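Derivation of every value follows stated rules applied to the coordinates shown; laboratory data play no part. Everything numeric here is computed off the predicted structure, so don't read it as measured data. Neighbour counts are summed over all protein chains in view; Cβ atoms, including those assigned to glycine, are modelled from backbone coordinates with ideal geometry.
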Amino acid sequence: MFLSFLLQAVADHGHFGFAAIGAGVAALAAGIGIGRIGGDAMQAIARQPEATNDIRANMILAAALVEGAAMFGIVVGLLAMVL
């Protein structure tokens, strides 16, 4: 289903479809990545409550790096559509 949607988007929009798909995949991957980071951090805190502050700091840093990479991918995808 998802693959047919992607192929239809490329067919409808030509090369613009690739850029839109790239921006969408970057946003989707960021959501998945941040969700995994948060879930794994909650499990780690449940196992070692005394390390909560260290785990939280590392979680925020990792989420910021994932978000930065996603924003770069989205901006590149949108610029590719415009140019």
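Here the 3J(HN,Hα) profile of region 32-37, calculated from phi with Karplus coefficients 6.51, -1.76 and 1.60 at θ = phi - 60°, is 5, x, 5, x, 5, 4 Hz, Gly and Pro shown as x. Listed peptides 64-73, 49-58 appear in the order 64-73, 49-58 once ranked by packing, highest mean of other Cβ atoms within 10 Å at the front.
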